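Accompanying notes for the structure given below.
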Amino acid sequence: MGDFLQQLVGYFNPYYLQIIVNIGIGIILALGLNVVTGLTGQLSLGHAAFMSIGAFTSALLTIKLGMPFSVNLILTGFITAGVAALIGLPILRLTGDYLAICTLGFAEIVKVVFLNLDITNRALGLTVPAANTTIPMPVVVWVVVLLTIICVTFIHNSRFGRALMAVRGDEIAAEAMGINVTLYKVQSFAIGAFIAGVGGGLYAHFMSYINPSDFGFLKSVDILSMIVLGGLGSITGSVIGAGILSAAPEFLRFMANYRMLVYGGLLVCMMIFRPNGLMGRISFADLVLRTLGRKPHLKTIMEQKIMESSRPGNGDT
Amino acid sequence: MFFQQLINGIALGSTYALIALGYTMVYGIITLINFAHGEIYMVGAFVGLFATAVLKVNFFIAMLIAMLVCVLLGVFIERIAYRPLRKSSRLSALISAIGVSIFLSTLAQMLFGANAKGYPEGVFPVKQITIGSAEISTLQLLIIAISAILMIALEFIVHKTKIGKAMRATSEDYNTAALMGINVNMVISFTFALGSALAAAGGVLVGLLFNAVSFNMGLMAGLKAFAAAVLGGIGSIPGAMLGGLLLGVTEVAGVAIGFSSYRDAIAFAILVLVLLVKPTGLLGRKIQKKV
């Protein structure tokens, strides 16, 4: 099985494979943040910190223990989620922008601590050996992408997901309905971190070199841009947004030095012309129903109504 | 030693405070975290450098030029990148601000190169004054003095002028202020102008203090200033001043007692700890929720 896949992957141009893997990892990270920010409505500006924790944990598990990659990734996810739960318990009591700056601060602290620890090789960064598996990385990454999409879809449509959406809509009302707001927030934070940790582990083994500075504020912003561009709370949107923004630097490569200039301008223009993201809260299934002339799900309509009423400037904000 | 470090901390902290004021004023009025603000500070430092090195003007005139250029830049950014998004979700405006920030820092890198540049020699004659055991440079005193003057001027504008009254009204309630005949767009532009001017002054002063101006100086300074604004209670002008000074002093103290490699984490650690005890910052208003 492993040999066959290796051969199959060998037919592809390595450069395109790299782009495809980058897109896959982008999608995983975006889906993780989408649970926290899109579904539960908690703005996090430090998602890259969990990616960083995952990347270093996973790399160290391979280096020190030589663990099989599948066990490694799962363990990494749980460790990252554990850290997130510990951090989340105190800071998720904060609301709105105070929470955002706290997550940002946490990410900076993680970065600086990793830059000063011996086990993470300080500012030199870690060279990561090949993953302990025969299956080629691109296949692993995309299998994880599919698993993540399936899990996140289940979360969206479950009792748990509806509770998270209730928290997003109105915390007080949710609490009055018997939802333990803090518990659900911490759980969604941990799930987001789990996914980010796995994404980080994949990133570490794919890039084979990681440095704490790679997971700074700009990385967090990258991930956030993906889900806002795609449309907050929409799984399809997250996938599309992550796809576009992960591939954009490659497609803009011909502009050489102007690349980041255009990227910055692109973010502004996209927000101005599609302020609610490319997909808004429309899911792929609804899109198909719409083109067939049927009405979208009632749930979607309700969500759009909630979304509109919660914008600042309308109502009593 | 203690006195020396205190002065160092206050000098650094007052520059944080100058930047933090821009964050807090903009947030107070349109609840936008203006992530491009750090880049305006960077542009201010570059304009000051250009004015002293190429135009060979006096330091104070260079600072005025930098403030003027940044006022125009700040108002322009608000006009093209934030105003179209005022009615849409706040996250969209946030991403737009981040886009502007990436754009400006890349532009600066292309125009001025990736290396840090210093101000020309003798722009401001630096002398060391010895008070007791402490050695204080005239530059530090200048920074503290200019920051103090600017902050007093700001307090005057906000509390004693008509436009200041309009600003306070708008930050109290955007819609009602508009109904009362306040030209809200003008007030917002004015707020951006004020904030950008202060950031530019901060940029020139920091450029002189560390004698290094680079395209990426805006990112960390901006994040720390934002932390300072939140620490003081975002939206509160005295809060931003207090937060900036507090962060500057603790950062210098942390470096002095041997945490120099953790320098960038100190500010954020203080922030997280304070927020856990006081969730809306030191001088922030309590968030009241109507059910």
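Each value in this text was obtained by applying a stated rule to the coordinates, not by laboratory testing. Remember, it's a predicted structure, so these values are computed and weren't measured experimentally. With ideal geometry, Cβ positions are generated from the backbone for all residues, glycine too; neighbour counts draw on all protein chains shown.
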inquiry  = Output needed for the stretch A:139-195: three equivalent-ellipsoid semi-axes, defined as square roots of 5 times the C-alpha gyration tensor eigenvalues, in descending order, whole Å.
reply    = 27, 11, 7
query = Taking only the alpha-carbon atoms of chain A, what semi-axes of the equivalent ellipsoid follow from 5 times the gyration tensor eigenvalues under a square root, in whole Å, largest first?
reply = 31, 24, 20
inquiry  = Once R0 is set to 30 Å, what does the formula 1/(1 + (r/R0)^6) return for the Cβ-Cβ distance between B:Ile257 and A:Leu65, expressed as a FRET efficiency to the nearest 0.05?
reply    = 0.20
key: Cα-centre dipole for the stretch A:89-205 with unit charges at Cβ (Lys and Arg positive, Asp and Glu negative), debye to 20   = 180 debye
ask   = Which is the longest stretch in chain B that no exposed loop site breaks, taking sites as trypsin sites (Lys or Arg not before Pro) with a DSSP loop state and at most 15 other Cβ atoms within 10 Å?
value = B:128-284
task = Using 0.36 nm per residue of separation minus the Cα-Cα distance, give me the extension gain between A:Asp118 and A:Ile20 in nm, one decimal.
result = 32.0 nm
query = In nm, to one decimal, how far is the B:Thr138 label point from the B:Phe210 one, both placed 7 Å along Cα→Cβ?
reply = 2.5 nm
task = Evaluate the relative contact order of chain A (contact order divided by residue number), counting alpha-carbon pairs under 8 angstrom at least 6 apart; express in whole percent.
result = 31 percent
task = Could I have the simple spin-label model distance between A:Asp170 and A:Thr153, label points 7 Å from Cα toward Cβ, reported in nm to one decimal?
result = 3.2 nm
ask   = If one takes the longest principal axis of the Cα atoms in chain A, at what angle in degrees, from 0 to 90 and to the nearest 10, does the Cα axis of helix A:298-309 lie?
value = 80 degrees
key: Backbone N under 18 Å from the B:Met180 label point (7 Å along Cα→Cβ), restricted to the stretch B:26-44   = B:28-31
inquiry  = Kirkwood Rh over alpha-carbon pairs of the stretch A:43-97, then Stokes-Einstein at 4 °C and 1.567 mPa s: what D in µm² s⁻¹, rounded to an integer?
reply    = 106 µm²/s
query = What is the Å³ per residue value for the convex hull set by the Cα atoms of the stretch A:14-111?
reply = 120 Å³
remark   = Taking N as the residue count of the protein assembly as shown, its alpha carbon Rg divided by 2.2 N^0.38 Å gives 0.98
key: Computed label-point distance, nm, for sites B:His159 and A:Ala256 using a 7 Å Cα→Cβ extension   = 5.6 nm
message = I'm a student and want to see the number: the projected area of the Cα convex hull of the stretch B:188-272, averaged over all directions, in nm².
response = 6.1 nm²
request  = Can you run the Rg to Rh ratio on the stretch B:1-148? Use alpha carbon positions and the Kirkwood inverse-distance Rh.
outcome  = 1.04
note = In nanometres, the difference between 0.36 nm per residue of separation and the alpha-carbon distance of A:Leu89 and A:Gln6 is 25.5 nm
ask   = Under the definition of Cα pairs under 8 Å and six or more residues apart, what whole-number percent is the relative contact order of the stretch B:20-87?
value = 24 percent
message = Output the 0 to 90 degree angle, nearest 10, between the alpha-carbon long axis of helix A:259-273 and the longest principal axis computed from the alpha carbons of chain A.
response = 20 degrees
ask   = What fraction, in whole percent, of alpha-carbon pairs in the stretch A:198-252 exceed 19 Å separation?
value = 37 percent
note = Most exposed first, judged by fewest Cβ atoms within 10 angstrom, B:Cys70, A:Cys151 run A:Cys151, B:Cys70
message = Over chain B, with a Gaussian network built from C-alpha contacts below 10 Å, which listed residue (B:Leu73, B:Leu179, B:Leu85) shows the highest mean-square fluctuation?
response = B:Leu179
request  = With only alpha-carbon atoms counted, please give the Rg and Dmax of the stretch A:53-212, in Å.
outcome  = 17.4, 52
ask   = Using alpha carbons only, how many degrees (0 to 90, rounded to 10) separate the axis of helix B:2-30 from the longest principal axis of chain B?
value = 20 degrees
key: In Hz, Karplus ³J(HN,Hα) per residue of the stretch A:76-88 (6.51, -1.76, 1.60; θ = phi - 60°; x = Gly, Pro)   = 4, x, 5, 5, 4, 4, x, 4, 4, 5, 4, 6, x
nm² value of the averaged projected area, convex hull over the Cα atoms of the stretch B:173-229 = 5.0 nm²
ask   = When N counts the residues of the stretch A:144-231, how does its alpha-carbon radius of gyration compare numerically with 2.2 N^0.38 Å, as a ratio?
value = 1.30
request  = Would you look at the GNM of chain B, springs on alpha carbons closer than 10 Å, and say which of B:Val213, B:Val100, B:Val255 moves the most?
outcome  = B:Val255
query = What is the set of long-range amide H partners of B:Lys117 at a cut-off below 5 Å, with H atoms built 1.01 Å from backbone N?
reply = B:Val213, B:Ser214
